[in-house]
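No lab work stands behind these numbers, since they all come straight from the coordinates. Predicted model, so just to flag it, every value in this text is computed and none were measured. Positions of Cβ are backbone-derived with ideal geometry, glycine not excepted, and every protein chain shown enters the neighbour counts.
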Amino acid sequence: MSEENKVLFRGLSDAVVNLEEEKAAELAREVVEKNIDAYEAVDKGLAHGMDRAGRLFEEDEYFVPELLIAADAMYAGLDILRPHIKVDSSSEPGKIVVGVVEGDTHDIGKNLVKIILEAKGFTVFDLGRDVPPETFVQKAQEVGADIIGLSTLMTTTMPGMAKVVEILRASGLRERIKVMVGGAPISAAFARKIGADGYSANAIEAGELASRLLAEIRAAGAQAAAG
């Protein structure tokens with residue numbers, strides 16, 4: 001990566017963290033004018049800044065108003081960059097259902113993940129918070145989702161994640177729909193224990209994980225089609 005690109009991406013990240021909507025839009029236009037990769041600008045600039053803002057929120061340095069303004073700054077840049085993101089025209093955008101499991105109403109982490117996933121081109125179906133396990137599976141069936149993303153900040157609601165995996169198995173959908181989990185009490189070991197396909201520690205990692213899982217799904221589909 002060139003030094004010029006690094007500086008520009010850092011500027012986009014800082015614009016989000018510093019709640020500078022106009023600055024984010026200005027730098028996004030500069031990315032387009034200089035023909036810099038728009039996806040990389042989103043991933044290493046805007047999304048990176050939103051993740052930093054999310055951490056400041058978790059550390060009680062930012063509160064809900066600041067986080068919402070940071071999101072506005074990110075979307076200001078994203079609206080300019082999105083039409084210039086190179087997408088494989090031979091494939092449809094991935095579909096993912098996300099939500100906070102039943103019994104938990106903490107949704108800031110899930111909201112950050114949604115923003116990152118949208119920035120990566122996913123079609124996101126957000127079920128909100130306090131979502132029963134059955135609802136995740138029903139929505140995934142309804143929209144033909146590739147992935148279900150589960151979030152929680154409470155250890156008491158973690159069994160709900162396992163329940164989603166169980167329902168998918170019982171419904172014969174487990175082979176078709178991937179499951180990813182995240183949240184403060186969650187670990188990679190827990191994800192393996194319940195049979196989930198992956199765990200992410202933050203919003204940036206969640207976006208990368210979702211992209212990997214989607215690639216696995218499509219590779220398996222291509223192999224099956226080839227016979």
Response to the item:
Heads up, segment 78-227 by the C-alpha gyration tensor (a ≥ b ≥ c square roots of eigenvalues; a/c under 1.5 rounded, else a/b over b/c prolate, else oblate) looks oblate
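Counting only DSSP beta bridges with both residues in segment 95-226, what percent are antiparallel, rounded to the nearest 5?
That works out to approximately 0 percent antiparallel.
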Discussion item. Can you tally the net charge around residue 8? Count Lys and Arg as +1, Asp and Glu as -1, for every other residue whose Cβ sits under 14 Å from the Cβ of residue 8.
Written reply: -3
Worksheet item: What value, in deg cm²/dmol to 500, does the helix sum -39500 (n - 2.57) over DSSP H runs of n ≥ 4 give at 222 nm once divided by the residues of the chain?
Response: -18000 deg cm²/dmol
Worksheet, complete the sentence: A correct fewest-to-most ranking of 154, 161 by other Cβ atoms within 10 Å would be 154, 161
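Starting from the Cα gyration tensor of segment 1-141, take the square roots of the eigenvalues, sort them a ≥ b ≥ c, and report rounded, prolate or oblate (rounded when a/c is under 1.5, otherwise prolate if a/b is larger than b/c, else oblate).
Oblate.
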Practice prompt. Taking the Cβ of each residue in 179, 164 as the centre, tally the other Cβ atoms inside 10 Å and list the residues starting with the fewest.
Written response: 179, 164
Practice prompt. For a quick protection proxy, order the peptides 23-33, 59-69, 38-48 by their average other-Cβ count within 10 Å, most packed first.
Written response: 38-48, 23-33, 59-69
Item to complete: Just report the Cα centroid separation between segment 100-134 and segment 174-227, whole Å.
Response: 15 Å
